[in-house]
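These notes are about the structure you will find just below.
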Amino acid sequence: MDYEAIVSGTVAEVKDRVRGGHLDITRLIEAERAGEARNTLIDWLERKQS
């Protein structure tokens, strides 16, 4: 699965993608940190993870 592609786009688009599927949240966080590193998105993903 292309996690970099999943975290591309706006924060709202990424949230919709995450809500719509069973994804590895840890890999999404890593992909976001390697890319745009948006703190709001990383924080939201970390909350989803716990």
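What follows draws every value from the coordinates through simple rules; no lab data is involved. None of the values given here were measured: they were computed from a predicted structure. Positions of Cβ are generated from backbone atoms using ideal geometry, with glycine treated the same way; all protein chains shown enter the neighbour counts.
In what order do 18, 7 fall by count of nearby beta-carbon atoms within 10 Å, going from fewest to most? Walk me through the intermediate numbers first.
On the way: 18 18, 7 26.
By the 10 Å Cβ count, ascending, the order reads 18, 7.
Classify the chain as rounded, prolate or oblate, taking a ≥ b ≥ c as the square roots of the eigenvalues of its Cα gyration tensor: rounded when a/c is under 1.5, otherwise prolate if a/b is larger than b/c and oblate if not.
Numbers: a/c = 1.17, a/b = 1.05, b/c = 1.11.
Cα axes put the chain in the rounded bin.
Would you work out which of 45, 29, 7 lies farthest towards the positive end of the dipole of the chain, given +1 charges on the beta-carbon of Lys and Arg and -1 on that of Asp and Glu, about the Cα centre?
45
Divide by every residue of the chain the summed helix terms, -39500 (n - 2.57) for each DSSP H run of at least 4, and state the resulting mean residue ellipticity at 222 nm, rounded to the nearest 500 deg cm²/dmol. Show your work: numbers first, answer last.
Details: 4 runs with 34 residues, N = 50.
Rounded to the nearest 500, the figure is -18500 deg cm²/dmol.
For the residues 45, 23, what sequence is obtained by ranking on other C-beta atoms within 10 Å, fewest first?
23, 45
Tabulate in residue order the Karplus-calculated ³J(HN,Hα) for segment 31-45, using 6.51 cos²θ - 1.76 cosθ + 1.60 with θ = phi - 60°, rounded to whole Hz; enter x for Gly and Pro.
5, 5, 5, 6, x, 6, 6, 6, 4, 5, 6, 4, 4, 5, 4
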